[in-house]
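See structure below.
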Amino acid sequence: MLIAQTERLILRRWLPGDRQPFAQLNADPRVTEFLAETLSTADSDALAARIESHFNLHGFGLCAVEYRVDGSFIGFIGLAIPTFQSHFTPCVEIGWRLSADHWGLGLATEGAREMTRYAFEELGLKELVSFTATTNMRSRRVMEKLGMTHETSDDFDHPRLPVGHPLRRQVLYRLQRGMKI
């Protein structure tokens, strides 16, 4: 089912055929550099199942991204409700994970802009957040291109990563409905 589309991307619900390229993406150390670990095929399939469950429960989620140039699955861009507790939860997060072969083309920003529009105009959300490890400058640039703002007082230690883990410290960006994207 189509959720949204852009000039170069189709953002849709997941299909069974997405699982194999998603597992390849999640096993790529370039893609998982700022995640806790690369994922096995079983863990990647479990993540895809959780994404689908989120769609079924909330009516929105992390959309499978199809590249219109060749119809290939290249990752996800979408919305999710974090399942951990922090000073900014409950909230809706906008996030993305694309294959490294598709980096540097502006696709994450293009898709995230459309998902931001969808979140505010179609879902009626008032705010989106996004977070990542402090050193993940690629994702931070996407957040900034979306018009998201960062206050260092919002930064936090991710509760799912142990003390001392190099990715534990996270930056939080926010975007309010009505702000220019």
Open item on the list: In 5 Å bins starting at zero, report the fraction of Cα pairs in the stretch 36-156 per bin as a rounded %.
Closed with: 2, 10, 19, 24, 22, 16, 6, 1, 0
Open item on the list: Could you tell me which residue out of Leu15, His87, Ile77 lies farthest along the dipole of the chain toward its positive end? Charges go on the beta carbon: Lys and Arg +1, Asp and Glu -1, centred on the Cα centre.
Closed with: His87
Task: Cα point-scatterer Debye curve for the stretch 1-98, base-10 log of I(q)/I(0) at q = 0.17, 0.25 Å⁻¹ - done: -0.78, -1.45
Open item on the list: Taking amide H atoms as placed 1.01 Å from N in the peptide plane, list the residues 5 or more away in sequence, or in a different chain, whose amide H sits under 5 Å from that of Leu167.
Closed with: none
TODO: Kindly write out, for the stretch 128-135 in residue order, the coupling ³J(HN,Hα) from the Karplus curve 6.51 cos²θ - 1.76 cosθ + 1.60 (θ = phi - 60°), rounded to whole Hz, with x marking Gly and Pro.
DONE: 10, 10, 8, 9, 7, 4, 4, 8
TODO: Step through the residues of the stretch 62-71 one at a time and calculate ³J(HN,Hα) from phi using the Karplus curve (6.51 cos²θ - 1.76 cosθ + 1.60, θ = phi - 60°), rounding each to whole Hz and writing x for Gly and Pro.
DONE: 7, 6, 5, 10, 10, 7, 5, 4, 9, x
Open item on the list: For the stretch 24-43 and the stretch 114-133, what is the centre-to-centre distance using only Cα atoms, to the nearest Å?
Closed with: 25
Task: Size of charge dipole - the stretch 2-176 - debye, nearest 20, with Cβ of Lys, Arg +1 and Asp, Glu -1, no other charges - done: 120
TODO: Return Met143, Met148, Met137, Met1 ranked ascending by Cβ neighbour count within 10 Å, so the fewest neighbours appear first.
DONE: Met1, Met137, Met148, Met143
Task: Residue order, fewest to most beta carbons within 10 Å, for Leu172, Leu161, Leu98 - done: Leu161, Leu98, Leu172
- [ ] Kindly provide the helix-only [θ] at 222 nm of the chain, computed as the sum of -39,500 (n - 2.57) over DSSP H runs of four or more divided by all residues, to the nearest 500 deg cm²/dmol?
- [x] -8000 deg cm²/dmol
Task: Amide H contacts under 5 Å for Leu9, placed H, 5+ residues apart - done: Arg68
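Read-outs: derived from the displayed coordinates by stated rules, not from any lab. Here the structure is a predicted model, which is why all the values come from computation and not from measurement. Reconstructed Cβ throughout: ideal geometry from the backbone, glycine too, with neighbour counts over all protein chains shown.
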